[in-house]
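Right, one structure below, let's go through it.
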Amino acid sequence: MEHSAPGAVRMGTHAGRAVVAAALLGSGMTMLDGTVVNVALRTIGADLDATLAELQWVSNGYLLSLASLILLGGSLGDRFGRVRVFNVGTVAFTLASVLCGLAPTPEVLIAARVLQGAGAALLMPGSLAMIQGAFVRDDRAAAIGAWSGLGGIAAALGPFLGGTLIEYADWRWIFFLNVPLGALSVVVATRSVPETLDPHAPARFDATGALLACLTLGGTTYALIEWGRPLVPVALGVAVLAAAAFVLVERRSDHPMLPLGIFADRTFSSANAMTLLVYAALGAVLFFLVLQLQVVVGYGALRAGISSLPITVCMLLLARRGGRLASRIGPRIPMTLGPLVMAAGVLLLTRVGPGTTYVLDVLPGITVFGLGLPLLVAPLTATVLAAAPDEHAGLASGVNNAVARAGSLLAVAALPLLVGLRGDDYADPAVLDDAYRSAMVACAVLLVLGGLLSWATIRTPGGLGRSGGRSR
């Protein structure tokens, strides 16, 4: 495949639809997997006799390798070609999914989830970088809006689809489903998406930085999940030392995995800080809500999954409009209102408990939460990419994805500890009910902080909204 000039594809054309479709199939597969697993956790725990800590690792093992390696994945795409690395990651993710479906023990499942995360680290930054590199500048926000909207639908469909498979088949099919999706994604990307890369990307790769990132996140996650065990102080020490070494290595390296200079752009830094807060809340809300509906309210997996359907409807109807709105008025207002609306929805969801009725207690909160999401997703993504130079599209995408996954990772690891859940407590309705409400309040606070941060710091970068020029 020949390399095409950057920015040659227009929205509404066959080539434009192909680029969005390929990016969506790959990244949507990972988003679907991220949410579908939450619905299956209780069933997996019963089938494999897993503890709460092991269930946290089933979720966080994936997020850990994804967040640690996604920057490296973005750099590899910039160096070797976004389509090529995207395809390699998709194949790896698909094969790891098969291993997840065959796992006989919690330990094997956790290991397979770590491998899944490594594959996702290659394909996820490539999906956005393909859009950023292929589309003309004026069409990028709309293309990202279409991608984020349809991808959000994939994520929101996860609980519904997972519930259906668990109810009528077996939890293992939530992983086997990735096989046809992965194959189709590779075919579309190979045949229809123009290859792009960064001609100035360094030939060497920052393996030391990648290792230190793994140690930082891994040590922190272990300490939070396994709190009280003898090795926790060692894990915390390793995490602190690795974090300090990571900053030092990235500053001195001539081929850093994360060039720290990219954070000199205020808009880029602020958008990523807001991403950390919002996605921490998002990951924790989905984790706790599904458990609450199944353990405390008594829903089956399918009914718990269907409960989130309003999120899917909101993303389907409003996500593209969210991208267009940001193109017209700039990202500041949507990125402020989105998290605040989501926070209101989370507070409404604190009413979910014993004796809950769906129409009065679940539907209002999940709908308000869903209305805030499309206000946020497309403007946030477009802002991050527009704030970085085009040749760093893979890096910018990788940074934002890494921050989002790290936020979810740390929230899912920390909140159970902070609200008093340990061992098999998640299976005790009385204990989980109290912990759930505390967790929801914490998530609402994170969302409010994210909205306030956007209002205080976000300005319109070049290529997005009414103002021109880069905000440097």
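Tell me the residue from 107, 54 that is over 29 Å from residue 384 (Cα atoms), under 21 Å from the mean Cα position of the chain (by Cα), surrounded by fewer than 24 Cβ atoms within 10 Å (Cβ to Cβ) and not hydrophobic (A, V, I, L, M, F, W, C), please. Quick ask: steps written out before the conclusion?
Working: 107 fails: under 21 Å from the mean Cα position of the chain (by Cα).
When all the criteria are applied, what remains is 54.
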Within segment 413-445, residues being over 15 Å from residue 297 (Cβ atoms) and in a loop (DSSP other than H, G, I, E, B) number 6
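On the given criteria, is residue 437 among the basic types (Lys, Arg), at pLDDT below 85 and either farther than 15 Å from residue 271 by Cα or in the same structural domain as residue 142 (by TED's automatic domain parsing) (or both)?
On the way: among the basic types (Lys, Arg): yes; at pLDDT below 85: no; either farther than 15 Å from residue 271 by Cα or in the same structural domain as residue 142 (by TED's automatic domain parsing) (or both): yes.
When the stated conditions are applied, residue 437 does not pass them.
Taking the condition basic (Lys, Arg) and modelled with pLDDT under 80, does residue 137 pass?
Details: basic (Lys, Arg): yes; modelled with pLDDT under 80: yes.
So residue 137 passes the test.
Being over 19 Å from the mean Cα position of the chain (by Cα) and within 29 Å of residue 320 (Cβ to Cβ) is true for just one of 157, 215, 197. Which residue is that?
Values: 157 fails: over 19 Å from the mean Cα position of the chain (by Cα); 215 fails: within 29 Å of residue 320 (Cβ to Cβ).
Unique residue meeting the criteria: 197.
Looking only at segment 215-262, which residues are assigned to a helix (DSSP H, G or I) and either among the basic types (Lys, Arg) or in contact with a Lys or Arg (Cβ under 8 Å, 6 or more places away or on another chain) (or both)?
Residues of segment 215-262 assigned to a helix (DSSP H, G or I): 215-225, 232-252, 260-262.
Within segment 215-262, 251, 252, 260 meet the criteria.
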Residue 299, sole failed condition from (1) within 23 Å of residue 403 (Cα to Cα); (2) assigned to a loop (DSSP other than H, G, I, E, B) = (1)
Just give me the residues in segment 140-178 being modelled with pLDDT of 75 or more, farther than 30 Å from residue 291 by Cα and not charged (D, E, K, R), in sequence order.
-> 142, 143, 144, 146
Could you tell me whether any residue of segment 80-95 is of a type outside the set (A, V, I, L, M), outside any helix (DSSP H, G or I) and touching a Leu at 6+ places or on another chain (Cβ under 9 Å)?
-> yes
Scan segment 216-274 for residues that are touching an Asp or Glu at 6+ places or on another chain (Cβ under 7 Å), crowded, with 16+ Cβ neighbours inside 10 Å and free of Cβ contacts under 8 Å to residues at least 40 places away in the same chain and report the count.
-> 1
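The values are calculated or read from the model by the stated rules, or taken from the named source; none is laboratory data. Nothing here was measured: the structure is a model prediction, and the numbers come from that model. Neighbour counts are summed over all protein chains in view; Cβ atoms, including those assigned to glycine, are modelled from backbone coordinates with ideal geometry.
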